[in-house]
Ligand code: DAT
Ligand code: MG
């Protein structure tokens with residue numbers, strides 16, 4: 001639906017490498033509507049909840065340490081098929097497998113430094129928006145939508 005929401009997050013390497021504006025610009029230009037945005041210095045507890053499905057993986061401690069290495073920028077983008085389209089814009093989990101033209105395919109090389117996060121399903125997105133924003137997103141009419149949706 002046109003009101004589907006996804007949680008997109010610029011990871012610490014993306015912030016340090018100056019890719020925040022680039023990532024926001026891609027979602028804006030694609031036609032998505034920004035409904036929440038914040039820089040967070042996340043706690044270990046929050047990251048362990050965010051990545052709860054991966055806690056048994058051998059790389060989990062390294063993943064959490066990396067995500068704690070600096071602030072991240074979280075945002076909620078709304079629009080048609082936002083979750084699946086957002087994932088397509090990010091590229092594959094392993095940047096080496098990401099097509100050029102995707103964020104990871106343009107800006108990253110290794111899986112442990114893959115620049116950005118995107119929710120993998122509508123239910124996951126709602127869970128993550130709850131975790132990071134307490135579910136609080138902005139409601140407003142975006143006038144350019146008339147030129148994006150027929
Ligand atoms: P995605 O971020 O594409 O949703 P995921 O949810 O499976 O991928 O994993 C979350 C993050 O964990 C991923 O962005 C990078 C890290 N990761 C995943 N698989 C990894 C691996 N095999 N080695 C090291 N880090 C990995
Ligand atoms: Mg994931």
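Against the main long axis of the alpha-carbon atoms of the chain, helix 20-30 sits at an angle near 40°. Size estimate for the chain follows the Kirkwood approach: the inverse of mean 1/r over distinct Cα pairs works out to 15.6 Å. The ranking of 44, 29 from fewest to most other beta carbons within 10 Å of each one's beta carbon is 29, 44.
Exposure proxy shown here: for 148, 23, the number of other Cβ atoms within 10 Å sets the order, fewest to most, as 148, 23.
Which of rounded, prolate, oblate describes region 86-150, given a ≥ b ≥ c as roots of the alpha-carbon gyration tensor eigenvalues and a/c under 1.5 marking rounded, otherwise prolate only if a/b is larger than b/c? Oblate, because a/c is 1.5 or more while a/b does not exceed b/c. So if I take the centroid of the Cα atoms in region 113-135 and the same for region 33-57, what is the distance between those two points in Å? Spelled out, the Cα-based centre of one part sits 7 Å from the other.
Taking the number of Cβ atoms within 10 Å of each Cβ as an exposure proxy, the fewest-first ranking of 104, 30, 144, 87 is 144, 30, 87, 104. In the chain, the longest principal axis of the Cα atoms and the axis of helix 122-133 are about 80 degrees apart.
Read the figures in this text as sums done on the coordinates, not as results from a lab. Just so it is clear, the model here is predicted, and its values are computed rather than measured. Backbone-built Cβ (ideal geometry, glycine too); neighbour counts: all protein chains shown.
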